[in-house]
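Worksheet: the structure to be examined is printed underneath.
Values in this text are rule-based calculations from the coordinates and carry no lab data. On a predicted model such as this, the values are computed, not experimentally measured, just so you know. Note: ideal-geometry Cβ built from the backbone for every residue, glycine included; neighbour counts use all protein chains shown.
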Amino acid sequence: MELRFLLSQVVNKLCLPYISNNNLIYKFKLVDMKTQRRTVLKNLLASIVGVAGFGLVANAKTSTIEEKAIPNVPAGDDVPLFQSHTTLGNLVFLSGIGAHVAPFEIAAHTDIVLKGLEKELIKAGSSMEKVLKVTVYLNDIADYKGMNEVYKGRFGKNPPVRSTIAVAKGGVPGDSLVEMDCIAYI
């Protein structure tokens, strides 16, 4: 059926139909033979490509995103407010980790937060070297240099991309001077 359709398309392009003695007759359009051959080949090729393309689209499989895994929910708990980490495929998303203990100095808090990130990454099956993106939330932009001194080198020789945001004074939850979250791969 498809071949019949293709041939009828080619005939309609090249021929003029007319009726004689109640018979449908096709007369070739007056064009030079070279142009006619090119037109036939182009139309035939276009039709074949169209049919093949339609077949590929019809047989295409749709990909589905796998459901996110939340491995750290204790059995019997109510629905938690948030998770410390969650995975989707080979990606790990960590919640923000802060430091809410003394001493209240940026160097100490940055170290505590980075150790917390590392611990959670290991629990999720990843590592500091596999981190792709870090977001740093500072309680005070004046702590930027001090945070960077502790942060530098903690993610291996190829550090991840990073955004640093200074929140309004007192904007980091609790008593933490810095909070960080990250995205890594497994």
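For the pairs Lys123/Lys145; Lys115/Lys152; Lys130/Lys152; Lys115/Lys157, note any where the Cα-Cα span goes beyond 20 Å.
Details: Lys123/Lys145 30 Å; Lys115/Lys152 13 Å; Lys130/Lys152 16 Å; Lys115/Lys157 17 Å.
The answer is Lys123/Lys145.
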Taking placed amide H atoms and a strict 5 Å upper bound, the residues 5 or more places from Leu177 or on another chain that come that close are Ala99
Residue exposure sequence - Val150, Val167, Val178 - by fewest surrounding Cβ within 10 Å: Val167, Val150, Val178
